[in-house]
Amino acid sequence: AAALLLAETPVAGTAQAPAAVQALNADLLAHASATEVLQRRCTDRHLADPPVIRAIRVRGADKVADAQVRALLRASPGEIVRYRHVRLVCGARVLSDADNWYRPARLTADMNRRLDTTDTPFGAVVRPLDFHRRTIAVAFPDRASGPYILRHRAVLVTAAGVPFSVVEERYTREAAGVTAPDR
């Protein structure tokens, strides 16, 4: 069942999305790390001085890894799956809001320490794993219905093909450089 869940999902609504949102989507689909994409956009658009992406932890109720997340991660019964909810920001601008379930046993002790104690984004922390990203869902929410203009769900996989993270990312207008929706 997990193999079926990893199949690429057709992108619905692409034609209706503004060009800037389509460009952000294409950029994310073409790169392994959303953090690197957002960092480049933060730098290129001079969104902050210094242009650094930080992960601001959102504290509150944890989301337990459900059966689908555990299947995507290929987590064994009883294996610990951690949850981390963050907002990726450049200066004062929120670029994305993300839920991340990950297998701490697949990371180094230093990676786990950094995830627990710093504002370093997940993608930057796990970069040494030489991971790639398998996007499994893309959505373009109605721009008038909320702050998010693009949603991605993806599985991060090591160079050896081992899944270690499932992310659900919601991107803001700031990430795409889109102004507020027309009324």
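The values are calculated or read from the model by the stated rules, or taken from the named source; none is laboratory data. The structure displayed is predicted, hence computed values, not measured ones. As a convention, Cβ positions derive from the backbone with ideal geometry for all residues, glycine included, and neighbour counts pool all protein chains shown. Accessible surface is based on the protein model in full, side chains and every heavy atom, while ligands, DNA and RNA are left aside. Shrake-Rupley method; radii C 1.70, N 1.55, O 1.52, S 1.80 Å.
Would you confirm, using the coordinates I've provided, whether residue 130 is out of contact with any helix residue (DSSP H, G or I) (no Cβ under 7 Å at 6 or more places or on another chain) and either over 23 Å from residue 178 (Cα atoms) or among the hydroxyl-bearing types (Ser, Thr, Tyr) (or both)? Step through it out loud before you land on a result.
Values: out of contact with any helix residue (DSSP H, G or I) (no Cβ under 7 Å at 6 or more places or on another chain): yes; either over 23 Å from residue 178 (Cα atoms) or among the hydroxyl-bearing types (Ser, Thr, Tyr) (or both): yes.
Taking the combined requirement at face value, the residue satisfies it.
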(request) For region 41-58, enumerate the residues that are within 24 Å of residue 137 (Cβ to Cβ), among the hydrophobic types (A, V, I, L, M, F, W, C) and surrounded by 15 or more Cβ atoms within 10 Å (Cβ to Cβ). (result) 53, 55
(request) Could you list, in sequence order, all residues of region 29-38 that are without any contact (Cβ under 8 Å) to a residue 60 or more places away in the chain and open to solvent by 30 Å² or more (accessible area, probe 1.4 Å)? (result) 30
(request) Go through (1) open to solvent by less than 40 Å² (accessible area, probe 1.4 Å); (2) modelled with pLDDT of 95 or more and name the single condition residue 6 misses. (result) (2)
